[in-house]
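Notes follow once the structure below has been shown.
The values are calculated or read from the model by the stated rules, or taken from the named source; none is laboratory data. Quantities reported herein were computed from a predicted structural model and do not represent experimental measurements. Using ideal geometry, Cβ is built from the backbone for each residue, glycine included, and neighbour counts are taken over all protein chains shown. The protein model used for the area step is the full one, side chains on, heavy atoms only, and it has no ligands, DNA or RNA in it. Shrake-Rupley method; radii C 1.70, N 1.55, O 1.52, S 1.80 Å.
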2 protein chains.
Amino acid sequence: MSKEEKNKQSDELTKEVDKANEETVDQETTEKEKPEKSELELAQEKAEEFENKYLRAMAETQNIQRRSNEERQTLQRYRSQDLAKKILPSLDNLERALQVDGLTEDVKKGLEMVQESLLQALKEEGIEVVETENFDHNLHMAVQTLPADDDHPADTIAEVFQKGYKLHDRLLRPAMVIVYN
Amino acid sequence: MSKEEKNKQSDELTKEVDKANEETVDQETTEKEKPEKSELELAQEKAEEFENKYLRAMAETQNIQRRSNEERQTLQRYRSQDLAKKILPSLDNLERALQVDGLTEDVKKGLEMVQESLLQALKEEGIEVVETENFDHNLHMAVQTLPADDDHPADTIAEVFQKGYKLHDRLLRPAMVIVYN
């Protein structure tokens with residue numbers, strides 16, 4: 001190979017390398033332009049994603065607030081339930097004490113005062129004696145039945161064994177009754 | 001003006017219009033390319049804005065949940081406060097009834113049973129009689145004072161007029177006392 005030939009070959013190699021380099025640069029430019037477009041897309045996607053996340057978080061916050069309010073209202077409405085339930089036996093004892101024979105007028109008055117003030121306190125908190133006009137299995141428990149007749153139609157309450165109590169719409173304990181059946 | 005001249009003029013007008021349109025298109029392209037860069041910026045800003053909003057909303061949600069839990073716990077802890085306060089006069093009446101002279105054993109037992117069951121119900125809900133060993137202005141109200149002496153140092157309680165009650169750490173009503181001073 002002559003020197004001239006070598007140079008020519010070398011030149012051609014250089015050109016080949018240059019061409020290859022140019023192609024690489026072109027490719028890089030293409031790749032650079034491609035991500036430039038997708039950077040916008042990514043940013044848009046990210047914006048959309050966080051907008052959705054934000055909107056969901058806001059909705060969730062509202063849900064939590066709503067639920068929390070409902071819960072608080074329920075807690076408030078039935079807050080006296082536990083203490084009221086525990087006080088009912090005292091009321092039963094008072095009623096029994098009032099039925100003892102030979103109470104002096106003073107003692108009777110005293111007991112009645114305690115009973116009335118307890119019932120008043122309970123009433124102010126939404127607790128009332130369950131009505132016992134007609135038998136209602138939602139409010140009454142039949143501890144005994146008597147045969148119904150013309151004077152005593154079925155589902156008439158013959159006697160109340162123990163009073164029932166409710167707190168607003170919630171039954172604290174059913175009335176124990178004897179019912180015609 | 002010859003027909004040819006007219007056509008030429010018309011052609012030139014058309015060219016002018018075309019040129020103007022081209023310029024508009026160019027302008028639009030320029031405007032499009034300019035915002036293309038700022039579109040990315042806008043998208044990135046929007047993404048950042050919603051990410052911040054989202055993070056704030058999440059933090060707010062956690063705050064609301066924490067506050068709601070604390071509130072619920074407080075409501076639960078002091079739920080019996082109102083009913084308990086209203087029951088205290090009944091306890092006072094019971095105590096007075098027990099001090100009446102000439103009670104039969106049966107009546108006395110009955111009254112004590114009611115009293116004990118009421119106190120037990122209150123205790124189970126966290127309500128207890130305020131101690132009256134030494135005068136404490138946070139728990140007691142001095143309705144009368146007696147001069148202190150060697151046998152009765154200052155701030156010793158001489159007599160409890162009316163019992164005080166507290167619900168956990170919260171005073172429902174102070175004890176009414178006579179205190180040496």
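Among all residues of region B:112-127, there is at least one that is touching a residue at least 40 places away in the same chain (Cβ under 8 Å), assigned to a helix (DSSP H, G or I) and either more than 7 Å from chain A (Cβ to nearest Cβ) or surrounded by 14 or more Cβ atoms within 10 Å (Cβ to Cβ) (or both).
Of all residues in region B:42-59, one or more are over 25 Å from A:LEU91 (Cα atoms) and either in a strand (DSSP E or B) or touching a Lys or Arg at 6+ places or on another chain (Cβ under 6 Å) (or both). Selection within region A:76-91: residues that are surrounded by 14 or more Cβ atoms within 10 Å (Cβ to Cβ) and farther than 23 Å from B:GLU128 by Cβ. The member of this set that is nearest to the other protein chains (Cβ to nearest Cβ) is A:TYR78.
Yes or no: region A:35-48 includes at least one residue that is open to solvent by less than 100 Å² (accessible area, probe 1.4 Å) and either more than 11 Å from chain B (Cβ to nearest Cβ) or modelled with pLDDT of 95 or more (or both).
For region A:35-48, residues open to solvent by less than 100 Å² (accessible area, probe 1.4 Å) and either more than 11 Å from chain B (Cβ to nearest Cβ) or modelled with pLDDT of 95 or more (or both): present.
With the structure loaded, tell me whether B:VAL177 is modelled with pLDDT of 95 or more, in contact with a Phe, Trp or Tyr (Cβ under 7 Å, 6 or more places away or on another chain), over 30 Å from A:LYS85 (Cβ atoms) and open to solvent by 60 Å² or more (accessible area, probe 1.4 Å) or whether it fails that test. Spelling it out, it is not the case that B:VAL177 is modelled with pLDDT of 95 or more, in contact with a Phe, Trp or Tyr (Cβ under 7 Å, 6 or more places away or on another chain), over 30 Å from A:LYS85 (Cβ atoms) and open to solvent by 60 Å² or more (accessible area, probe 1.4 Å).
If I filter region A:132-155 down to residues being among the β-branched types (Val, Ile, Thr) and under 39 Å from the mean Cα position of the chain (by Cα), which single residue comes out as surrounded by the fewest Cβ atoms within 10 Å (Cβ to Cβ)?
Just the residues of region A:132-155 that are among the β-branched types (Val, Ile, Thr), to begin with: A:132, A:143, A:145.
Those left that are additionally under 39 Å from the mean Cα position of the chain (by Cα): A:132, A:143.
Numbers: A:THR132: 18, A:VAL143: 14.
Filtering first and then ranking leaves A:VAL143.
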